Amino acid sequence: MRETLKREGGSCYSQGRLEMAGYDVSQAEDGIKGQALALQLQPDLIMLDLMLPRQH
């Protein structure tokens, strides 16, 4: 299964669409946790907001 890391505003629509397309979707609460999760999972796709909380 293809891995996706999603860090964006709470849209369940995009998560459902990705899962229907065969992606396993993981989520992170903020930019710091998202970066750590991306390094751990090495996802095929990363979706994120331009302004991530706690990124800098």
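Values in this text are rule-based calculations from the coordinates and carry no lab data. Keep in mind that this is a model prediction, so the values were computed, not measured.
Using the Karplus curve 6.51 cos²θ - 1.76 cosθ + 1.60 with θ = phi - 60°, what ³J(HN,Hα) values do you get for each residue of segment 27-37, in whole Hz, with x for Gly and Pro?
Values, residue by residue: 10, 10, 6, 8, x, 5, 5, x, 5, 5, 5 Hz.
Using modelled backbone amide H atoms (1.01 Å from N, in-plane), which distant-in-sequence or interchain residues come within less than 5 Å of L48's amide H?
Correct list: R7.
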